[in-house]
Structure formats: structure tokens, C-alpha cells
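Have a look at the structure below before the remarks.
The values are calculated or read from the model by the stated rules, or taken from the named source; none is laboratory data. Since the structure is predicted, the reported quantities are computational estimates derived from the model, not experimental observations. For neighbour counting, all protein chains shown are included, and Cβ atoms are generated from backbone atoms with ideal geometry for every residue, glycine included. All accessible areas refer to the heavy atoms of the entire protein, side chains included, with ligands and DNA or RNA removed. Shrake-Rupley method; radii C 1.70, N 1.55, O 1.52, S 1.80 Å.
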Amino acid sequence: MVETFTVEKDGKEITYRTLLTFYNKEAGKHFVVYTDDSKDEKGNVKVLVSSYDPDVEKSPLCSIESPEEWKIVSDALDVHQAELMAAIDRSQAAETVEIEEKSAPARFEMNGLTYQVLASLVDEENHNEYVLYVPTQTEAEKVEVLVGRLLEKDENGVPSKVGPIETEEEWRLIEEPVGAIIEHLNQK
């Protein structure tokens with residue numbers, strides 16, 4: 001599936017952004033998670049899921065047909081999230097990075113790559129903030145969302161410094177809310 005695609009709906013062309021594609025052998029189907037970046041009444045990005053045929057140009061998007069298929073999609077997203085967390089753990093080993101001052105959206109450099117901040121998460125109990133971010137330039141079909149602890153913000157509240165999540169206990173505390181944010185972002 002391409003990074004973006006267009007579908008005609010009610011006489012209008014809508015452009016969608018592909019968030020995740022995968023194949024499930026049990027169902028014998030390919031699935032796509034995608035968004036048009038529209039938001040619901042609560043301000044959350046809407047995410048859609050369909051099955052499709054990758055061998056057909058402009059394949060029709062088919063509705064998820066059963067609770068079993070929804071379980072397949074949910075399991076695939078859980079696996080994807082676990083892979084992201086493992087990648088985050090590897091990529092953030094004891095490195096602190098600086099974010100460009102007063103950029104909107106916030107961007108920063110790490111290991112020669114530029115990243116864009118997607119969302120933040122506040123752990124009020126422990127007085128920590130976390131930032132979810134992605135590489136700005138990638139040719140990959142799937143983009144991994146990374147997570148770091150927010151260390152500093154500028155006077156406008158824009159992140160200025162991000163560091164690694166240092167302990168397993170810290171990961172356990174934020175795992176569920178980070179997963180919910182990633183799920184929400186995947187629905188965009």
C-alpha cells in the first residue's frame with residue numbers, strides 16, 4: 001500500500017495517509033490502518049481499518065467483517081506497539097537530544113536524523129512529561145513512533161530537550177497511556 005491514497009466518497013475525493021499495513025495468514029487478508037487526519041468531537045484523530053488486495057491497483061477498501069477480524073487487527077496493533085517499544089529502548093540508550101528552539105511543530109536532531117514531536121504525555125504522579133516523535137524523512141512504508149522523557153521546555157512551553165526513559169519501572173508506568181496515544185495516532 002502506498003503512503004497516501006485517494007478514495008472517492010459521496011462525490012468527493014478524500015486523501016488518506018497509510019499508518020500501518022499487514023497480512024494475516026489465518027484470515028488470508030491484507031489489512032491497512034489509515035487516516036484522513038480529520039478529528040472527532042473530542043479532538044482525537046480518526047483512524048480507519050480495512051482489508052484490501054495489494055495485487056489490484058486502486059483496490060477497494062473492504063469493511064472488517066467479524067469480531068474475529070477485529071481481534072486480528074487488535075493483535076497486530078499490539079505486536080506493532082511491542083516492536084515500537086523495543087525499537088525505542090534500543091534507540092534511546094542513554095542519549096539526550098536538543099530540540100530546535102521555537103519550531104512548530106517541534107523538531108530535533110538525533111543520530112543525524114530529524115524527528116518531529118507528535119504528542120506529549122504527562123505523568124502527574126511522578127512529575128514527568130514524555131514526548132512521542134517520528135522521523136521526518138523516511139522511505140519506510142511503516143513509521144515507528146518513538147518515546148522520550150521531556151527534560152526541558154522553552155518559555156512558550158515548546159519542548160527543548162528530550163532524554164531516554166531510563167528504567168523498566170518507568171516504562172511500565174507509561175506503557176498503557178503511550179499505547180493509547182499510539183493507537184490514537186494510528187487512527188489519524
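Quick notes on this one:
- Restricting attention to region 8-19, the residues that are at pLDDT below 85 and out of contact with any helix residue (DSSP H, G or I) (no Cβ under 6 Å at 6 or more places or on another chain) add up to 2.
- In this structure, GLY157 does not qualify as modelled with pLDDT under 75, open to solvent by 50 Å² or more (accessible area, probe 1.4 Å) and of a type outside the set (D, E, K, R).
- With respect to the stated conditions, ASP40 fails to be more than 17 Å from LEU77 (Cα to Cα), of a type in the set (Asp, Glu) and at pLDDT 85 or above.
- Candidate set from region 55-94 (those that are out of contact with any strand residue (DSSP E or B) (no Cβ under 9 Å at 6 or more places or on another chain), within 25 Å of THR4 (Cβ to Cβ) and open to solvent by less than 60 Å² (accessible area, probe 1.4 Å)); member that is modelled with the lowest pLDDT: GLN81
- The residues of region 26-37 that are surrounded by 11 or more Cβ atoms within 10 Å (Cβ to Cβ) and not β-branched (Val, Ile, Thr), listed by number, are ALA27, LYS29, HIS30, PHE31, TYR34, ASP36, ASP37.
- Matching entry among TYR52, TYR23 (being open to solvent by 90 Å² or more (accessible area, probe 1.4 Å), out of contact with any helix residue (DSSP H, G or I) (no Cβ under 8 Å at 6 or more places or on another chain) and of a type in the set (Ser, Thr, Tyr)): TYR23
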